[in-house]
1. Using the C-alpha gyration tensor of region 18-93, what are the square roots of 5 times its eigenvalues, in whole angstrom, with the largest one first?
2. How much accessible area per residue does region 18-93 have, counting only protein heavy atoms and a probe of 1.4 Å, in square angstrom?
3. Just Leu66, Leu105, Leu91 to compare: in a GNM of the chain, with alpha carbon springs under 10 Å, which one fluctuates most?
4. Beta carbons within 10 angstrom, averaged per residue: use that to sort the peptides 119-126, 47-54, highest first.
5. Just add up the charged neighbours of Ile114: K/R +1, D/E -1, any other residue whose Cβ is under 15 Å from the Cβ of Ile114.
6. When the chain is fully extended, how far beyond the present Cα-Cα distance does Thr72 get from Glu173, taking 0.36 nm per residue of separation?
7. For the chain, what does -39500 (n - 2.57) per DSSP helix run (n ≥ 4), summed and divided by total residues, give at 222 nm, in deg cm²/dmol to the nearest 500?
8. Counting only other residues whose beta carbon sits under 14 Å from that of Asn42, what net charge do I get with K and R as +1, D and E as -1?
Amino acid sequence: MTTVCHRPEGLEQLESQTNFSKKELQVLYRGFKNECPSGVVNEETFKQIYAQFFPHGDASTYAHYLFNAFDTAHNGSIKFEDFVMALSILLRGSTREKLQWTFNLYDINRDGYINKEEMTDIVRAIYDMMGKYTYPALKTDTPKQHVDAFFQKMDKNRDGVVTLDEFILSCQEDENIMRSLQLFENVI
(Lines give C-alpha, C1' and ligand atoms only; values in the text may rest on other atoms or scores of the structure.)
Protein backbone atom coordinates (compact mmCIF):
# COMPACT_ATOMS: atom_id res chain seq x y z
CA MET A 1 0.00 0.00 0.00
CA THR A 2 1.46 3.36 -1.00
CA THR A 3 1.12 6.56 0.95
CA VAL A 4 -0.12 9.48 -1.07
CA CYS A 5 1.63 12.70 -0.16
CA HIS A 6 0.12 16.09 -0.73
CA ARG A 7 2.05 19.29 -1.32
CA PRO A 8 0.12 22.53 -0.94
CA GLU A 9 -0.31 25.03 -3.71
CA GLY A 10 2.18 27.90 -3.73
CA LEU A 11 2.48 29.84 -0.51
CA GLU A 12 1.95 33.06 -2.46
CA GLN A 13 -1.51 31.85 -3.47
CA LEU A 14 -2.36 30.87 0.12
CA GLU A 15 -1.01 34.18 1.36
CA SER A 16 -3.42 36.02 -0.97
CA GLN A 17 -6.36 33.81 0.13
CA THR A 18 -5.75 34.02 3.88
CA ASN A 19 -4.85 36.55 6.53
CA PHE A 20 -1.44 34.97 7.12
CA SER A 21 1.98 36.13 5.97
CA LYS A 22 4.30 33.83 4.00
CA LYS A 23 6.44 33.36 7.12
CA GLU A 24 3.40 32.42 9.23
CA LEU A 25 2.26 29.97 6.57
CA GLN A 26 5.69 28.33 6.56
CA VAL A 27 5.54 27.87 10.35
CA LEU A 28 1.98 26.50 10.15
CA TYR A 29 3.00 24.13 7.36
CA ARG A 30 5.93 22.77 9.35
CA GLY A 31 3.62 22.07 12.29
CA PHE A 32 1.01 20.48 10.03
CA LYS A 33 3.61 18.25 8.35
CA ASN A 34 4.99 17.29 11.76
CA GLU A 35 1.56 15.95 12.82
CA CYS A 36 0.58 14.74 9.34
CA PRO A 37 3.68 13.75 7.37
CA SER A 38 1.62 12.80 4.30
CA GLY A 39 0.31 16.39 4.11
CA VAL A 40 -3.25 15.14 4.55
CA VAL A 41 -5.12 14.26 7.73
CA ASN A 42 -7.98 11.79 7.85
CA GLU A 43 -10.75 11.86 10.44
CA GLU A 44 -9.24 9.20 12.71
CA THR A 45 -5.93 11.05 12.95
CA PHE A 46 -7.75 14.35 13.48
CA LYS A 47 -9.71 12.81 16.37
CA GLN A 48 -6.51 11.48 17.96
CA ILE A 49 -4.82 14.89 17.74
CA TYR A 50 -7.90 16.71 19.04
CA ALA A 51 -8.39 14.26 21.94
CA GLN A 52 -5.00 15.29 23.36
CA PHE A 53 -6.51 18.68 24.27
CA PHE A 54 -9.35 17.08 26.27
CA PRO A 55 -7.83 14.23 28.28
CA HIS A 56 -10.71 14.04 30.80
CA GLY A 57 -13.48 13.71 28.25
CA ASP A 58 -14.47 12.08 25.02
CA ALA A 59 -13.80 14.56 22.22
CA SER A 60 -14.50 12.13 19.37
CA THR A 61 -18.01 13.32 18.47
CA TYR A 62 -17.14 17.02 18.60
CA ALA A 63 -13.95 16.31 16.66
CA HIS A 64 -16.10 14.56 14.03
CA TYR A 65 -18.23 17.70 13.61
CA LEU A 66 -15.13 19.90 13.58
CA PHE A 67 -13.45 17.65 11.01
CA ASN A 68 -16.50 17.95 8.74
CA ALA A 69 -16.35 21.74 9.02
CA PHE A 70 -12.66 21.73 8.01
CA ASP A 71 -13.23 19.19 5.22
CA THR A 72 -14.74 21.66 2.76
CA ALA A 73 -14.33 19.28 -0.19
CA HIS A 74 -16.26 16.60 1.75
CA ASN A 75 -13.77 13.95 0.67
CA GLY A 76 -12.83 12.55 4.08
CA SER A 77 -9.51 14.35 4.40
CA ILE A 78 -8.14 17.74 5.35
CA LYS A 79 -5.31 19.18 3.29
CA PHE A 80 -3.09 21.96 4.57
CA GLU A 81 -5.04 24.44 2.42
CA ASP A 82 -8.34 23.44 4.10
CA PHE A 83 -6.75 23.73 7.52
CA VAL A 84 -5.14 27.11 6.95
CA MET A 85 -8.25 28.62 5.29
CA ALA A 86 -10.38 27.71 8.31
CA LEU A 87 -7.70 28.86 10.73
CA SER A 88 -7.48 32.17 8.90
CA ILE A 89 -11.21 32.73 9.37
CA LEU A 90 -11.26 31.62 12.99
CA LEU A 91 -8.21 33.61 14.05
CA ARG A 92 -8.25 36.65 11.80
CA GLY A 93 -11.52 36.73 9.92
CA SER A 94 -14.23 39.32 10.33
CA THR A 95 -16.90 38.79 12.96
CA ARG A 96 -19.37 37.81 10.25
CA GLU A 97 -16.91 35.26 8.75
CA LYS A 98 -16.31 33.68 12.17
CA LEU A 99 -20.01 33.48 12.90
CA GLN A 100 -20.73 32.02 9.46
CA TRP A 101 -18.04 29.37 9.97
CA THR A 102 -19.50 28.52 13.40
CA PHE A 103 -22.99 28.32 11.92
CA ASN A 104 -21.70 25.86 9.31
CA LEU A 105 -20.14 23.77 12.10
CA TYR A 106 -23.51 23.59 13.90
CA ASP A 107 -25.49 22.94 10.69
CA ILE A 108 -24.56 19.27 10.75
CA ASN A 109 -26.70 18.18 7.79
CA ARG A 110 -25.74 21.28 5.76
CA ASP A 111 -29.30 22.23 4.88
CA GLY A 112 -28.83 25.91 5.75
CA TYR A 113 -30.62 25.70 9.11
CA ILE A 114 -29.78 24.67 12.65
CA ASN A 115 -32.56 22.56 14.12
CA LYS A 116 -33.00 21.43 17.72
CA GLU A 117 -31.68 17.94 17.01
CA GLU A 118 -28.45 19.31 15.52
CA MET A 119 -27.97 21.74 18.39
CA THR A 120 -28.64 18.97 20.92
CA ASP A 121 -26.02 16.79 19.21
CA ILE A 122 -23.48 19.64 19.32
CA VAL A 123 -24.18 20.50 22.97
CA ARG A 124 -23.95 16.84 24.03
CA ALA A 125 -20.68 16.50 22.11
CA ILE A 126 -19.29 19.55 23.93
CA TYR A 127 -20.34 18.12 27.31
CA ASP A 128 -18.80 14.74 26.44
CA MET A 129 -15.61 16.52 25.40
CA MET A 130 -15.41 18.47 28.67
CA GLY A 131 -15.71 15.26 30.65
CA LYS A 132 -17.24 14.32 33.94
CA TYR A 133 -15.07 16.73 35.89
CA THR A 134 -16.83 19.91 34.85
CA TYR A 135 -17.83 22.34 37.56
CA PRO A 136 -20.56 22.60 38.48
CA ALA A 137 -21.43 18.98 37.77
CA LEU A 138 -23.82 18.65 34.85
CA LYS A 139 -27.28 17.21 35.25
CA THR A 140 -28.67 14.93 32.55
CA ASP A 141 -31.22 17.55 31.45
CA THR A 142 -28.62 20.35 31.14
CA PRO A 143 -28.07 19.92 27.35
CA LYS A 144 -31.82 20.28 26.73
CA GLN A 145 -31.90 23.44 28.86
CA HIS A 146 -29.03 24.92 26.86
CA VAL A 147 -30.68 24.05 23.54
CA ASP A 148 -33.99 25.55 24.70
CA ALA A 149 -32.21 28.75 25.75
CA PHE A 150 -30.33 28.82 22.41
CA PHE A 151 -33.58 28.59 20.45
CA GLN A 152 -35.36 31.08 22.71
CA LYS A 153 -32.63 33.60 21.88
CA MET A 154 -31.84 32.73 18.25
CA ASP A 155 -35.06 31.52 16.61
CA LYS A 156 -36.43 35.00 15.99
CA ASN A 157 -39.49 33.97 13.97
CA ARG A 158 -40.23 30.88 16.12
CA ASP A 159 -40.32 28.46 13.19
CA GLY A 160 -38.26 25.79 14.95
CA VAL A 161 -35.02 26.38 13.03
CA VAL A 162 -32.27 28.99 13.15
CA THR A 163 -31.16 30.53 9.87
CA LEU A 164 -27.73 32.02 9.23
CA ASP A 165 -29.18 35.53 9.42
CA GLU A 166 -30.93 34.80 12.74
CA PHE A 167 -27.72 33.27 14.09
CA ILE A 168 -25.53 36.20 13.10
CA LEU A 169 -28.04 38.81 14.34
CA SER A 170 -28.51 37.04 17.69
CA CYS A 171 -24.77 36.64 18.20
CA GLN A 172 -24.14 40.29 17.37
CA GLU A 173 -26.80 41.29 19.91
CA ASP A 174 -25.16 39.21 22.64
CA GLU A 175 -22.40 41.12 24.45
CA ASN A 176 -20.86 37.92 25.87
CA ILE A 177 -20.51 36.31 22.46
CA MET A 178 -19.04 39.45 20.94
CA ARG A 179 -16.64 39.86 23.87
CA SER A 180 -15.50 36.23 23.56
CA LEU A 181 -14.84 36.72 19.83
CA GLN A 182 -12.75 39.79 20.61
CA LEU A 183 -10.88 38.02 23.43
CA PHE A 184 -10.11 35.16 21.06
CA GLU A 185 -8.74 37.66 18.52
CA ASN A 186 -6.58 39.35 21.16
CA VAL A 187 -5.16 36.06 22.45
CA ILE A 188 -4.03 35.09 18.97
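1. On the way: eigenvalues 86, 36, 34 Å².
Equivalent ellipsoid of region 18-93: 21, 13, 13 Å, largest first.
2. With the other protein chains kept in place, region 18-93 gives 51 Å² per residue.
3. Taking springs between Cα atoms under 10 Å, the residue moving most is Leu91.
4. Details: 119-126: 19.0, 47-54: 14.1.
Highest to lowest by the protection proxy: 119-126, 47-54.
5. On the way: positive: Arg110, Lys116, Arg124, Lys153, Lys156, Arg158; negative: Asp107, Asp111, Glu117, Glu118, Asp121, Asp148, Asp155, Asp159, Asp165, Glu166.
Summing Lys/Arg as +1 and Asp/Glu as -1 gives -4.
6. Details: separation 101, 0.36 × 101 = 36.36 nm, distance 2.87 nm.
Difference between extended and current length: 33.5 nm.
7. Details: 10 runs with 117 residues, N = 188.
For the chain, the value works out to -19000 deg cm²/dmol.
8. Values: positive: Lys47, Lys79; negative: Glu35, Glu43, Glu44, Asp71, Asp82.
Every neighbour counted, the sum reads -3.
The values are calculated or read from the model by the stated rules, or taken from the named source; none is laboratory data. Bear in mind that the values here come from a model prediction, so they are computed numbers and not experimental data. Reconstructed Cβ throughout: ideal geometry from the backbone, glycine too, with neighbour counts over all protein chains shown. Protein only, heavy atoms only, side chains kept; ligands, DNA and RNA dropped before computing areas. Shrake-Rupley method; radii C 1.70, N 1.55, O 1.52, S 1.80 Å.
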